[in-house]
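Visitor: Supplied in structure tokens, the structure appears directly below.
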Amino acid sequence: LNTVARVKTRIWVFQIEFRSDFDELAVDFKHEEAVALSTALPDLEFAGSQVVKISHFKPATIFSKQKVNDLYQLITFNNVNIVFLNCNVTPVQQKNLEKAWNVKILDRTSLILEIFSYRAATREGVLQVEMAALSYQRTRLVRAWTHLERQRGGLGFVGGPGETQIESDKRAIDSQLKTLERQLQKVVKTRELHRTRRSKTSTPVVSLVGYTNAGKSTLFNKLTNGEVLCKDMLFATLDPTVRESVLRSGLSVIVSDTVGFISDLPTELIAAFRSTLEEVLTSDVIVHVRDISHPNTDSHCEDVLDILQRIGLDEKIPVLEVWNKIDLHPENHKLQQTVSILNKRNIYPICASSGFGLDNLTNGIVNIMLARSTRDVRIIHAKDGKKRAWLYRNGVVESEKLVDENYKMFLMWNERQRKQFDLL
């Protein structure tokens, strides 16, 4: 059989920066992230990239007329089909540039939406992305029908037929959004039931959060012996995964791997993925995974904390900071010598891929759990094997004494475990 090779769509990246506050180092890493975003979809072929300096944004086309023409020559010469502008582009600018360059224009928001759409695997993920995409498209319906833009007076046609068409499309999108919202609410109820069921168990929940590609999924696999997809790419995993893990002293915890964050994460995605992100809010411990080898690790940290704050993270929930990829850090040996000092500040240098530092991290999680636990004594009848087995199964027994026909149990447990035991 003769097979025809599929021609990939060629994408070009423009990193747009102002001349007035140009920082070469910061721009390099933003440019690198933009290229990584453009290569996150398998159907796109990376054609090239360029940093473009401008004095200010032109309302109609972002660039000056001369620059638009120069870039058109570059785009045409390289047979480009899609241009990714790593910034926010207005509907008017998008329309004018598509007309001038004869290519499809994607801005940062639309490309991230495309990636999320491709990666969504669960029904909830698909619905969330569709809602986010429609919310975004609704803002883009500006003068799409140029042949209907002439004003006409009288009989309710003051705005002109073009505006009527836009309003009609907005109503259609609003109707579709309501339908998706109803479908999503059903799926969200199922998630809430699972969450409520977990809250009724005595098992503590540990949530992994962090910037995309920081190594959360690799750490998740190490802690749970799981097989979650791990790749050196942005948004390799999208839908949250939950697994049980047994730490030292027989302590069982539920580990939750969440979607990776990114700077300038579209507000439509934060709103649509709120139910997914709220998994973090019910955690007993949050593990913030950072790629400590990345030069922009501090700004990545700020982006993650900002999103956690926006979804309403309770300050009472303890946060452990994990410095992942320590093996790639230029001061690797110096950091390894200060591990004990960093651990006292709830900072844990690790290499998730090799397993270095994981024992210290699991000890840190256990210590946090113990710090939130209280000592207690319960008398269990020797015949009540169910309750005694429950206490051992949940790792809360420090010691016991057999007194007559009763066991005097010395316990260390948290409030959730105590409440669950009282329901037995």
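The values are calculated or read from the model by the stated rules, or taken from the named source; none is laboratory data. Just so we're clear, the structure is a prediction, and the values are computed from it rather than from any experiment. We place every Cβ from the backbone using ideal geometry, glycine too, and count neighbours over all the protein chains shown. SASA here: full protein model, heavy atoms, side chains in, ligands and nucleic acids out. Shrake-Rupley method; radii C 1.70, N 1.55, O 1.52, S 1.80 Å.
Visitor: Scan region 400-423 for residues that are open to solvent by less than 70 Å² (accessible area, probe 1.4 Å), of a type in the set (A, V, I, L, M, F, W, C) and under 42 Å from the mean Cα position of the chain (by Cα) and jot them down.
Guide: Across region 400-423, the qualifying residues are F410, L411, M412, W413, F421.
Visitor: In addition: Test S252 against the criterion of being open to solvent by less than 40 Å² (accessible area, probe 1.4 Å) and at pLDDT below 85, and give yes or no.
Guide: Considered against the rule, which asks whether it is open to solvent by less than 40 Å² (accessible area, probe 1.4 Å) and at pLDDT below 85, S252 comes out as yes.
Visitor: Test of understanding: among V68, V35, V27, V92, which residue is open to solvent by 60 Å² or more (accessible area, probe 1.4 Å) and either assigned to a helix (DSSP H, G or I) or more than 28 Å from S117 (Cβ to Cβ) (or both)?
Guide: Working: V68 fails: open to solvent by 60 Å² or more (accessible area, probe 1.4 Å); V35 fails: open to solvent by 60 Å² or more (accessible area, probe 1.4 Å); V27 fails: open to solvent by 60 Å² or more (accessible area, probe 1.4 Å).
Among V68, V35, V27, V92, only V92 is open to solvent by 60 Å² or more (accessible area, probe 1.4 Å) and either assigned to a helix (DSSP H, G or I) or more than 28 Å from S117 (Cβ to Cβ) (or both).
Visitor: List the pairs whose first member sits in region 33-46 and is of a type in the set (S, T, Y), whose second member is assigned to a loop (DSSP other than H, G, I, E, B), and whose Cβ atoms are under 8 Å apart, counting only residues at least 6 apart or on separate chains?
Guide: T39/M233
Visitor: Find the residue count for region 204-223, including only residues that are over 15 Å from the mean Cα position of the chain (by Cα), at pLDDT below 85 and open to solvent by 20 Å² or more (accessible area, probe 1.4 Å).
Guide: 0
Visitor: Among V126, V92, which is the only one that is farther than 16 Å from V35 by Cα and out of contact with any Pro (no Cβ under 9 Å at 6 or more places or on another chain)?
Guide: Just one listed residue meets the conditions, V126.
Visitor: May I pose another question? Please specify each residue of region 388-412 satisfying the condition of being under 21 Å from P204 (Cα atoms), of a type outside the set (A, V, I, L, M) and touching a helix residue (DSSP H, G or I) at 6+ places or on another chain (Cβ under 7 Å).
Guide: W390, N394, G395
Visitor: Return the only residue of T201, T179 being open to solvent by 40 Å² or more (accessible area, probe 1.4 Å) and either modelled with pLDDT under 75 or small (G, A, S) (or both).
Guide: Result of the check over T201, T179: T201.
Visitor: State yes or no: is D359 of a type in the set (D, E) and under 30 Å from the mean Cα position of the chain (by Cα)?
Guide: On the way: of a type in the set (D, E): yes; under 30 Å from the mean Cα position of the chain (by Cα): yes.
Taking the combined requirement at face value, the residue satisfies it.
Visitor: Okay, moving on. Restricting to region 400-423, give me the number of residues that are under 16 Å from M369 (Cβ atoms) and either among the small types (G, A, S) or in a loop (DSSP other than H, G, I, E, B) (or both).
Guide: 1
Visitor: Here is a list: F46, F77, F84, F22. Which entry is open to solvent by 40 Å² or more (accessible area, probe 1.4 Å), under 25 Å from H294 (Cα atoms) and at pLDDT 85 or above? So that I can check it myself, show each step before the final result.
Guide: Working: F77 fails: under 25 Å from H294 (Cα atoms); F84 fails: open to solvent by 40 Å² or more (accessible area, probe 1.4 Å); F22 fails: at pLDDT 85 or above.
Among F46, F77, F84, F22, only F46 is open to solvent by 40 Å² or more (accessible area, probe 1.4 Å), under 25 Å from H294 (Cα atoms) and at pLDDT 85 or above.
Visitor: Would you mention how many residues in region 49-65 are open to solvent by 60 Å² or more (accessible area, probe 1.4 Å) and farther than 16 Å from I105 by Cβ? Spell out the reasoning first.
Guide: Taking region 49-65 and keeping what is open to solvent by 60 Å² or more (accessible area, probe 1.4 Å), we get 50, 53, 55-59, 65.
Imposing the further condition that a residue be farther than 16 Å from I105 by Cβ reduces the set to 53, 55-56, 65.
Total satisfying the criteria: 4.
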